[in-house]
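Please see the structure below; I have some questions.
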Amino acid sequence: MSHLRLLVIEGNVRAARERAVASGGTVASESYAELLRGLSPKGTVVDICYPADPGANLPDSGGLEGYDGVAITGSALNVYDGGPAIDPQIELARALFRTGTPCFGSCWGLQLATVAAGGSVRKNPEGREIGIARRIEILPPGHGHGLYMGKPRLFDAIAVHLDEVETLAPGTTVLATNGWSEVQAAEIDTPGSGNFWGVQYHPEYTFAEIAAVFRRYGDILVKQGIFPDLAAQDAYVADLDALHADAANKPLTWKYALDQTVLDAGVRTREIRNWVEQAVLPARSARGRE
């Protein structure tokens, strides 16, 4: 029996990856790959590609068919800007759809897939949703859906995004929503080809990772009115780091009204585990790869 083969598509350009590491975070694709190895059967092989980089070697459709599943990370890019860092990613997503290989996307991944499948993305008129996305509700189409097996119907999630899905692509089913963004999760079925599951939040993020995101923004969030000053922002970041060190820190979990949907890593990452178990492995079996 051959090992499961997964591909992670990095959404960021090299400079953004370097900024992530400099702020104490990780390269999105590397941490995603590590998580997938932990949530997948033993021996799973996870490759990474960098379509936002000039001259990147990208898998063609034949290469994509060799993977059992493909995950797309978040990104600091805005898909509506287009250009050399974005257009190849859109084309890669379209090539992926044509192969029928199961795909999952977080944040940018959902936005990229939406545009690739014929929908549109905009800057959220509500502004940036950052830190903890509150009261995400699984809608009736998501009840019993593979994405949300074992997930509470109302939950919070770690999130950071300025953009959101504006117009649904053909074949899209919205699976979850909240008061900030109408589309917090969706399935996209492209006719005769691939199936995509995506979320607007970041189930792959830890508290340490979102703390690094806040550090990376510097005083931008103060200028946007999210914090009154840098001291308040720094205090919040310190609390996030403390929660990463100890998710059972009662004063902080009470202070920020955090529950097990974000504190328990098994619950927080449930969507990605479900994608592997409910989408990737059944598709692999249907392809006769067991």
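The values are calculated or read from the model by the stated rules, or taken from the named source; none is laboratory data. The model shown is predicted, which means the values in this text are computed figures rather than measured ones. When we count neighbours, we look across all protein chains shown, and the Cβ atoms used for this are built from the backbone with ideal geometry, even at glycine.
For region 150-166: of the residues being in a loop (DSSP other than H, G, I, E, B) and touching a helix residue (DSSP H, G or I) at 6+ places or on another chain (Cβ under 9 Å), which is surrounded by the most Cβ atoms within 10 Å (Cβ to Cβ)? Even if it seems obvious, please write down each step before you answer.
Filtering region 150-166 down to residues in a loop (DSSP other than H, G, I, E, B) leaves 150-153, 162.
Subsequent filtering for residues that are touching a helix residue (DSSP H, G or I) at 6+ places or on another chain (Cβ under 9 Å) retains 150-153.
On the way: GLY150: 10, LYS151: 20, PRO152: 14, ARG153: 13.
Checked region 150-166; the qualifying residue surrounded by the most Cβ atoms within 10 Å (Cβ to Cβ) is LYS151.
Now a separate question. Mind listing whichever residues of region 242-251 are part of a helix (DSSP H, G or I) and either buried (at least 17 other Cβ atoms within 10 Å of the Cβ) or in the same structural domain as SER75 (by TED's automatic domain parsing) (or both)? Working first, answer last.
Going through region 242-251, the residues part of a helix (DSSP H, G or I) turn out to be 242-245, 250-251.
Across region 242-251, the qualifying residue is only LEU243.
Scan region 191-236 residue by residue and report those that are at pLDDT 95 or above, in a loop (DSSP other than H, G, I, E, B) and loosely packed, with under 15 Cβ neighbours inside 10 Å.
Selection gives PRO228, ASP229.
Check ALA286 against each of (1) surrounded by fewer than 11 Cβ atoms within 10 Å (Cβ to Cβ); (2) among the small types (Gly, Ala, Ser); (3) at pLDDT 95 or above and name the one condition it does not meet.
(3)
Report every pair of residues separated by at least 6 positions or lying on different chains whose Cβ atoms are under 6 Å apart, first residue within region 161-172 and closer than 11 Å to GLU187 by Cα and in contact (Cβ under 8 Å) with a residue 40 or more places away in the chain, second in a loop (DSSP other than H, G, I, E, B) and β-branched (Val, Ile, Thr).
Listed by first residue and then by second, the contacts come to GLY171/THR190.
So GLN224 ticks every box in (1) of a type outside the set (A, V, I, L, M, F, W, C); (2) closer than 19 Å to PHE155 by Cβ; (3) outside the structural domain of ASP156 (by TED's automatic domain parsing) but one. Which box is left unticked?
The single condition GLN224 does not satisfy is (2).
Quick test for you: out of GLU137, GLU187, GLU164, pick the one residue that is modelled with pLDDT of 95 or more and under 29 Å from ALA286 (Cα atoms). Let's see the steps before the verdict.
Details: GLU137 fails: under 29 Å from ALA286 (Cα atoms); GLU164 fails: under 29 Å from ALA286 (Cα atoms).
Testing whether each residue is modelled with pLDDT of 95 or more and under 29 Å from ALA286 (Cα atoms) leaves just GLU187.
Check GLY82 against each of (1) closer than 23 Å to ALA186 by Cα; (2) touching a residue at least 40 places away in the same chain (Cβ under 8 Å) and name the one condition it does not meet.
Result: GLY82 fails condition (2) only.
Pick from region 173-190 the residues that are without any contact (Cβ under 8 Å) to a residue 60 or more places away in the chain and of a type in the set (Gly, Ala, Ser): which of them is surrounded by the fewest Cβ atoms within 10 Å (Cβ to Cβ)? Lay out the reasoning, then the answer.
Here is the first cut: in region 173-190, the residues without any contact (Cβ under 8 Å) to a residue 60 or more places away in the chain are 173-182, 184, 187, 189.
Filter again for of a type in the set (Gly, Ala, Ser), leaving 176, 179, 181.
Working: ALA176: 28, GLY179: 12, SER181: 21.
Looking at the filtered set, the residue picked out is GLY179.
How many residues are part of a helix (DSSP H, G or I) and in contact (Cβ under 8 Å) with a residue 60 or more places away in the chain when one looks only at region 29-50? It would help to see each step written out before you state the result.
Pass one, region 29-50, residues part of a helix (DSSP H, G or I): 29-39.
Going one step further and asking which of them are in contact (Cβ under 8 Å) with a residue 60 or more places away in the chain, we end up with 31-32, 35-36, 39.
Count: 5.
Then there is this: With the structure loaded, tell me whether VAL267 is in a helix (DSSP H, G or I) and within 27 Å of TYR32 (Cα to Cα) or whether it fails that test.
In short, yes.
Right, another one. Please determine whether any residue of region 78-88 is surrounded by fewer than 22 Cβ atoms within 10 Å (Cβ to Cβ), in contact with a Leu (Cβ under 9 Å, 6 or more places away or on another chain) and under 23 Å from ALA283 (Cα atoms).
The answer is no, given that none of the residues of region 78-88 is surrounded by fewer than 22 Cβ atoms within 10 Å (Cβ to Cβ), in contact with a Leu (Cβ under 9 Å, 6 or more places away or on another chain) and under 23 Å from ALA283 (Cα atoms).
Now for a different question. Answer yes or no: is there a residue in region 51-66 that is under 27 Å from ASN274 (Cα atoms), touching a residue at least 40 places away in the same chain (Cβ under 8 Å), under 17 Å from the mean Cα position of the chain (by Cα) and buried (at least 20 other Cβ atoms within 10 Å of the Cβ).
yes
Let me ask something additional. If a residue counts only when it is assigned by TED's automatic domain parsing to the domain that holds LEU162 and of a type in the set (Ser, Thr, Tyr), which strands (runs of 3 or more DSSP E) contained entirely in region 74-149 have at least 1 such residues? Step through it out loud before you land on a result.
Values: elements: 103-106, 120-123, 129-138.
Here the list reads 103-106, 120-123.
Shifting gears a bit: Scanning region 90-117 for residues that are farther than 26 Å from GLY131 by Cβ and of a type in the set (S, T, N, Q), which turns out modelled with the lowest pLDDT?
THR99
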